[in-house]
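First the structure, in the form of structure tokens, and then the observations on it.
The values are calculated or read from the model by the stated rules, or taken from the named source; none is laboratory data. Since the model is a prediction, treat every value here as computed from it, not as a measurement. Here the Cβ is made from the backbone with ideal geometry for all residues, glycine too, and neighbour counts use every protein chain on show.
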Amino acid sequence: MTETLSRAWSLFDAGNYTDAETLYKECYAKIPSTDHDNYWQVLMGLIYVESFQEHFAEARTYASQLISCAIDHEEKHIAIHQAGMIERMAGVYDKAMNLFLQEEALIEKNFPDDALARSANLYEQGYVSMKLHDLPLAEKNMLSALDFAEKSNDLISIGCAYRGLGEILKASEKAEDAAVYFEKAITAFQKAGDTYGVEEVKELMSK
């Protein structure tokens, strides 16, 4: 089962969502919810493959199951984060923000020193605020996300926060400031060896 799940994730990572979905659904049919770790992995995988194919109704069903099967505060905040990600990708920004605020409350209460979790949460809040056209709040949240990302020393999170700031400042018509942040994002992704991250930022810069 572990091998099949690894193969499914590799297919997803390579952008082969249909084949990844088939494998994950085969696993889902076989794994009982009592096999917690594998069941959790399958649900996480299904949430990603359905969301990336814009099958949001299915993704929401799996996210509800993920929230229901969470056995502790850490799993609960991850599950709520996934539910928020689905709503953000679906463009239901008010609902997404509500979920990310719920997640933030859980993190602050139970994991106040988890800089990486706080960065990921604030990144989403910043991005959703931008989509809701509240650019001052978006910038404030994204700067906080960057602060926590730097505390965690996680290069991918640092790159994401810089990229987010670039997008927000571009939307605020501050092109020069945006370009500085985009360049910093590229540097972070290059250091992390994330070529896809680099290309994504270059694409944003060219728009």
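Kindly evaluate E21 against the criterion of being buried (at least 18 other Cβ atoms within 10 Å of the Cβ), of a type in the set (D, E, K, R) and modelled with pLDDT of 95 or more. Yes; evaluated as a whole, the condition is true for this residue. Just a yes or no: is a residue in region 123-134 assigned to a helix (DSSP H, G or I) and more than 24 Å from K76 (Cα to Cα)? Among the residues of region 123-134, at least one is assigned to a helix (DSSP H, G or I) and more than 24 Å from K76 (Cα to Cα), which makes the answer yes. Return the residues of region 170-194 that are under 20 Å from the mean Cα position of the chain (by Cα) and either at pLDDT below 95 or assigned to a loop (DSSP other than H, G, I, E, B) (or both); say none if nothing qualifies. Residues satisfying the conditions are G193, D194. I want to confirm something. Restricting to region 86-133 and keeping residues that are of a type in the set (K, R) and within 21 Å of Q65 (Cα to Cα), which single residue is surrounded by the most Cβ atoms within 10 Å (Cβ to Cβ)? So the residue we want is R88.
In the set (1) loosely packed, with under 15 Cβ neighbours inside 10 Å; (2) hydroxyl-bearing (S, T, Y); (3) within 22 Å of R7 (Cα to Cα); (4) at pLDDT 95 or above, the condition left unmet by S68 is number (3).
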